[in-house]
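Participant: Structure in structure tokens, see below.
The values are calculated or read from the model by the stated rules, or taken from the named source; none is laboratory data. Since the structure is predicted, the reported quantities are computational estimates derived from the model, not experimental observations. Positions of Cβ are backbone-derived with ideal geometry, glycine not excepted, and every protein chain shown enters the neighbour counts.
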């Protein structure tokens with residue numbers, strides 16, 4: 001049997017978990033995830049793990065932050081004075097928002113702290129800085 005090559009479309013089933021065993025995503029009960037090898041559609045460590053499999057084969061891979069969602073960047077944590085939060089919005093820790101940027105783009109953020117004076121937002125990907133463990137099954141190559 002063949003292994004995936006750049007340009008192939010692969011279908012895979014997977015379960016992603018953290019080092020403490022917490023499952024953060026899974027294709028269980030859903031259609032397999034499909035992506036084109038080499039197109040940058042998935043994190044580098046995930047794609048690399050799929051390259052070594054043949055259809056029907058399963059594997060487990062551990063992905064360091066540099067091959068996953070990158071390190072946690074303290075520069076992506078910002079504080080905003082409460083006075084700049086639109087009236088009617090009561091921010092709470094864990095809430096997700098999109099902040100408007102000067103260039104017109106929007107950035108997804110999560111509220112990490114709320115005080116009477118300021119609200120702290122974190123724009124890092126929720127899995128940034130984390131080691132990821134994936135159980136992967138290559139279903140097909142086309």
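Participant: Please find, within region 9-28, the residue that is surrounded by the most Cβ atoms within 10 Å (Cβ to Cβ) out of those that are modelled with pLDDT of 95 or more and not in a strand (DSSP E or B).
Facilitator: 27
Participant: When you look at residue 3, is it in a loop (DSSP other than H, G, I, E, B), surrounded by 12 or more Cβ atoms within 10 Å (Cβ to Cβ) and under 16 Å from the mean Cα position of the chain (by Cα), yes or no?
Facilitator: Judged against the criteria, residue 3 is not a match.
Participant: Take the conditions touching a residue at least 60 places away in the same chain (Cβ under 8 Å) and closer than 30 Å to residue 7 by Cα and apply them to residue 71. Does it pass?
Facilitator: In short, no.
Participant: Which of (1) in contact with a helix residue (DSSP H, G or I) (Cβ under 8 Å, 6 or more places away or on another chain); (2) assigned by TED's automatic domain parsing to the domain that holds residue 132; (3) farther than 17 Å from residue 126 by Cα; (4) in contact (Cβ under 8 Å) with a residue 24 or more places away in the chain does residue 3 not meet, given it meets every other one?
Facilitator: Going through (1) in contact with a helix residue (DSSP H, G or I) (Cβ under 8 Å, 6 or more places away or on another chain); (2) assigned by TED's automatic domain parsing to the domain that holds residue 132; (3) farther than 17 Å from residue 126 by Cα; (4) in contact (Cβ under 8 Å) with a residue 24 or more places away in the chain one by one, residue 3 breaks only (2).
Participant: The conditions are (1) within 11 Å of residue 136 (Cα to Cα); (2) out of contact with any helix residue (DSSP H, G or I) (no Cβ under 8 Å at 6 or more places or on another chain); (3) outside any loop (DSSP other than H, G, I, E, B), and residue 34 fails exactly one of them. Which is it?
Facilitator: Answer for residue 34: the failing condition is (1).
Participant: Okay, next question. Being surrounded by 12 or more Cβ atoms within 10 Å (Cβ to Cβ), out of contact with any strand residue (DSSP E or B) (no Cβ under 9 Å at 6 or more places or on another chain) and modelled with pLDDT of 95 or more is the requirement here; does residue 32 meet it?
Facilitator: No, not satisfied.
Participant: Let me ask another. In region 25-43, which residues are under 9 Å from residue 10 (Cβ atoms) and free of Cβ contacts under 8 Å to residues at least 24 places away in the same chain?
Facilitator: Result: 33, single match.
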